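Quick notes on the structure that follows.
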Amino acid sequence: MPRRFLLLALVLAAPAALAQQPLPETNNAIFAPLDLPAPSAYRAASGAPGPDYWQNRADYAIEAALDTTAHRVAGTVTLTYTNHSPHPLDYLWVHLEQNLFAPDSRGAALQPPQSRWRGAFEEGGFELGEVAVTQGRDRYAPALTVDDTRMRVDLREPLAADGGTLTLTIPYAFVVPAYGADRHGLFEAARGTVYELAQWYPRVAVFDDVNGWNALPYLGQGEFYLEYGDYEVALTVPANMTVVATGEVTNPEEVYTAEQRERLARAMAGDAVVPVVAPDEVGRATPSRAGTTTWRFRAENVRDFAWAASAAFILDATSVDAGTGERVLVMAAYPHEGLGTPDDPGWEHGAAFSAHAIEHYAARWFPYPYPAAVSVGGVVGGMEYPGIQFTDATSRGFDLFATIDHELGHNWFPMIVGSDERRFAWMDEGFNSFINAYSSLAYFDEGAEDAVF
């Protein structure tokens, strides 16, 4: 039979063939047990930690500077990596997620032009300096294999099991994407650019007892799975800019005026929203308007660090009970474009929305473990990192409340829980959406205590 007639026959026969196939009797397959690892000394059958459970640790010291003329970040990350596993490690895997924005990246090839996860451009991607490893007294340049958004660092000597440590130093730089896959980018406000910086430094991958190295590539949509550790971060920016970030400021006398420090103290003393940088003070309420200023932050036991900076920021602050009786600072940073009206309320309510989220989730589910919570208005539609979240500066009304509430809810799932978002996005999104429903009902006084979902 000629090929064209064979193809026609197959097409005509297809409906009949499909009709003869038996349909599944139930949808039980979608409720099948999860493919969990076999129980061992590391994990019980329930998934709970066993007597020999371990996690590796990643502590970071980062110094970086923002060049607002070139929209470029340059810095050095120094990672102290501790191998608590029972296995010697011959190499490390490091995420280079800015490489998603290189024009020839895999993610750029996969994402259509209007995708939420787009952002590649000609200058995109990391520029790496000379990478160094220090093991004991030996400091050397390791062999490197860069594969798109991943880098393998081969060690001269295996990193010892059960507590072996090394230091990995990586100088790097990159041009900030205007729109970075709805994770970070630039918002061009009238009074200055809002910089939102995330996935902005080389980050070590997780090595665990289930999959070994978790080095799945970053293609834009999958989020992250990272080790916990402490961060010491120094961010040098133009002196007229305000910076907010994961963790807490450790040099407030150098970056805030005396009046701003007094306002922050008032915010920590009660639940009123205090303007730290009022709308009419934007652009002039800094200790110095010339040169640069270095903002220093510390964050403990977090799995990532993100930040935002702008000369256009209005900054509001309040505080709430973290669920332990201790108060936590809650702030909102946004440009004038975020201000709403009585009929169309905007970011002037951002600090109050944020305070509700932190207080509600801390009281209902688990204490909030970080010293501060920051909501930032900028180009990002909605994205979360430990202690900080990014939401669209032009969002208004219930959409603004719901997005702030949702992104701050991610501090519980996955930031505290620590799930693998790259493989199992449904976990943190599903659990978080569930708790968001109760939070919304509580804020709008719709009988949340009696609601059942």
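Taking into account only those residues within segment 226-236 that are assigned to a strand (DSSP E or B) and within 25 Å of residue 50 (Cβ to Cβ), which is least open to solvent (accessible area, probe 1.4 Å)? Break it down stepwise before answering.
Start the filter on segment 226-236 by keeping residues that are assigned to a strand (DSSP E or B), which leaves 228-236.
Still in the list and also within 25 Å of residue 50 (Cβ to Cβ): 228-229.
Details: 228: 45, 229: 0 Å².
Only one residue fits best here, namely 229.
For segment 348-358, indicate whether the set of residues that are touching a helix residue (DSSP H, G or I) at 6+ places or on another chain (Cβ under 7 Å), surrounded by fewer than 24 Cβ atoms within 10 Å (Cβ to Cβ) and farther than 30 Å from residue 118 by Cα is non-empty.
yes
Restricting segment 67-106 to residues that are over 26 Å from residue 208 (Cα atoms) and polar (S, T, N, Q), which is least open to solvent (accessible area, probe 1.4 Å)?
105
Across segment 206-225, which residue is nearest to residue 328 (Cα to Cα) among those that are assigned to a loop (DSSP other than H, G, I, E, B) and either open to solvent by less than 10 Å² (accessible area, probe 1.4 Å) or of a type in the set (Val, Ile, Thr) (or both)? Walk me through it before giving the result.
Here is the first cut: in segment 206-225, the ones assigned to a loop (DSSP other than H, G, I, E, B) are 209-211, 215-225.
With either open to solvent by less than 10 Å² (accessible area, probe 1.4 Å) or of a type in the set (Val, Ile, Thr) (or both) added as a condition, the list becomes 210, 218, 220, 224.
On the way: 210: 35, 218: 33, 220: 32, 224: 26 Å.
Here the answer is 224.
Quick one: what pairs do we get from segment 322-348, first residue without any contact (Cβ under 8 Å) to a residue 40 or more places away in the chain, second part of a helix (DSSP H, G or I) and among the small types (Gly, Ala, Ser), C-beta under 8 Å, 6+ apart or different chains?
Correct list of pairs: 348/338.
Can you list residue pairs whose Cβ atoms sit under 7 Å apart, with the first residue in segment 36-49 being farther than 16 Å from residue 418 by Cβ and open to solvent by less than 70 Å² (accessible area, probe 1.4 Å) and the second being aliphatic (A, V, I, L, M) and in a loop (DSSP other than H, G, I, E, B)? Count only pairs 6 or more apart in sequence or on different chains.
37/210
Looking only at segment 257-265, decide whether some residue is more than 23 Å from residue 370 (Cα to Cα) and open to solvent by less than 60 Å² (accessible area, probe 1.4 Å). Before you say what the answer is, go through the steps one by one.
Residues of segment 257-265 that are more than 23 Å from residue 370 (Cα to Cα), as a first pass: 257-259.
Cutting the leftovers down to open to solvent by less than 60 Å² (accessible area, probe 1.4 Å) gives us 257.
Checked segment 257-265: at least one residue is more than 23 Å from residue 370 (Cα to Cα) and open to solvent by less than 60 Å² (accessible area, probe 1.4 Å).
How do the pairs read when you match residues in segment 90-107 that are within 19 Å of residue 220 (Cβ to Cβ) with residues anywhere that are open to solvent by 10 Å² or more (accessible area, probe 1.4 Å) and assigned to a helix (DSSP H, G or I), using Cβ under 8 Å and keeping only pairs 6 or more apart or on different chains?
100/108; 101/108; 102/108; 105/99
Restricting the first residue to segment 387-399 and requiring it to be closer than 13 Å to residue 344 by Cα, which pairs with a second residue that is assigned to a strand (DSSP E or B) and among the charged types (D, E, K, R) meet a Cβ separation below 9 Å and a spacing of at least six or different chains?
396/344; 397/344; 399/392
Tell me the residue from 203, 183, 191 that is in contact (Cβ under 8 Å) with a residue 40 or more places away in the chain, open to solvent by less than 30 Å² (accessible area, probe 1.4 Å) and farther than 17 Å from residue 78 by Cα, please. Reasoning before the result, please.
Details: 203 fails: farther than 17 Å from residue 78 by Cα; 191 fails: open to solvent by less than 30 Å² (accessible area, probe 1.4 Å).
On inspection, the qualifying residue turns out to be 183.
Of everything in segment 294-322 that's surrounded by 21 or more Cβ atoms within 10 Å (Cβ to Cβ) and among the polar types (S, T, N, Q), which residue is farthest from residue 191 (Cα to Cα)?
Among those residues, the one meeting the criterion is 319.
Tally up the residues in segment 243-284 that are assigned to a loop (DSSP other than H, G, I, E, B) and among the aliphatic types (A, V, I, L, M), please.
Here the count works out to 4.
For segment 114-149, how many residues meet the condition of being in a loop (DSSP other than H, G, I, E, B) and more than 25 Å from the chain's Cα centre (by Cα)? First the steps, then the outcome.
Within segment 114-149, the subset in a loop (DSSP other than H, G, I, E, B) is 114-126, 129-131, 136-137, 141-142, 148-149.
Cutting the leftovers down to more than 25 Å from the chain's Cα centre (by Cα) gives us 130, 136-137, 141-142.
So the count comes out to 5.
Please determine, by comparing only the residues of segment 299-322 that are touching a Phe, Trp or Tyr at 6+ places or on another chain (Cβ under 7 Å) and assigned to a strand (DSSP E or B), which one is farthest from residue 79 (Cα to Cα).
It comes out as 314.
Go through 257, 294, 242 for me and flag whichever is among the hydroxyl-bearing types (Ser, Thr, Tyr), touching a residue at least 12 places away in the same chain (Cβ under 8 Å) and more than 21 Å from residue 201 (Cα to Cα).
Numbers: 294 fails: more than 21 Å from residue 201 (Cα to Cα); 242 fails: more than 21 Å from residue 201 (Cα to Cα).
On inspection, the qualifying residue turns out to be 257.
Which of the numbered conditions does residue 1 fail, given that it passes all the others? Conditions: (1) in a strand (DSSP E or B); (2) at pLDDT below 95.
(1)
Please work out if residue 118 is basic (Lys, Arg) and either exposed (fewer than 14 other Cβ atoms within 10 Å of the Cβ) or in contact with a Lys or Arg (Cβ under 6 Å, 6 or more places away or on another chain) (or both).
On the way: basic (Lys, Arg): yes; either exposed (fewer than 14 other Cβ atoms within 10 Å of the Cβ) or in contact with a Lys or Arg (Cβ under 6 Å, 6 or more places away or on another chain) (or both): no.
Considered against the rule, which asks whether it is basic (Lys, Arg) and either exposed (fewer than 14 other Cβ atoms within 10 Å of the Cβ) or in contact with a Lys or Arg (Cβ under 6 Å, 6 or more places away or on another chain) (or both), residue 118 comes out as no.
If you go through segment 285-298, how many residues are within 28 Å of the chain's Cα centre (by Cα) and either in a loop (DSSP other than H, G, I, E, B) or not basic (Lys, Arg) (or both)? Step through it out loud before you land on a result.
Here is the first cut: in segment 285-298, the ones within 28 Å of the chain's Cα centre (by Cα) are 286, 292-298.
Adding the requirement that they be either in a loop (DSSP other than H, G, I, E, B) or not basic (Lys, Arg) (or both) leaves 286, 292-295, 297.
The number of residues fulfilling the criteria is 6.
So that you can scan it fast, the table gives a plain yes or no per residue for (1) open to solvent by 10 Å² or more (accessible area, probe 1.4 Å); (2) not in a helix (DSSP H, G or I):
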| position | (1), (2) |
| --- | --- |
| 377 | no, yes |
| 391 | no, yes |
| 398 | yes, no |
| 414 | no, no |
| 419 | yes, yes |
| 423 | yes, yes |
| 428 | no, no |
| 435 | no, no |
| 445 | yes, yes |
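Would you mind stating whether residue 250 is open to solvent by 30 Å² or more (accessible area, probe 1.4 Å), among the polar types (S, T, N, Q) and over 20 Å from residue 129 (Cα atoms)?
Working: open to solvent by 30 Å² or more (accessible area, probe 1.4 Å): yes; among the polar types (S, T, N, Q): yes; over 20 Å from residue 129 (Cα atoms): yes.
Yes, satisfied.
The values are calculated or read from the model by the stated rules, or taken from the named source; none is laboratory data. Here the structure is a predicted model, which is why all the values come from computation and not from measurement. All Cβ positions, even for glycine, are placed from backbone atoms using ideal geometry, and neighbour counts span all protein chains on display. Protein only, heavy atoms only, side chains kept; ligands, DNA and RNA dropped before computing areas. Shrake-Rupley method; radii C 1.70, N 1.55, O 1.52, S 1.80 Å.
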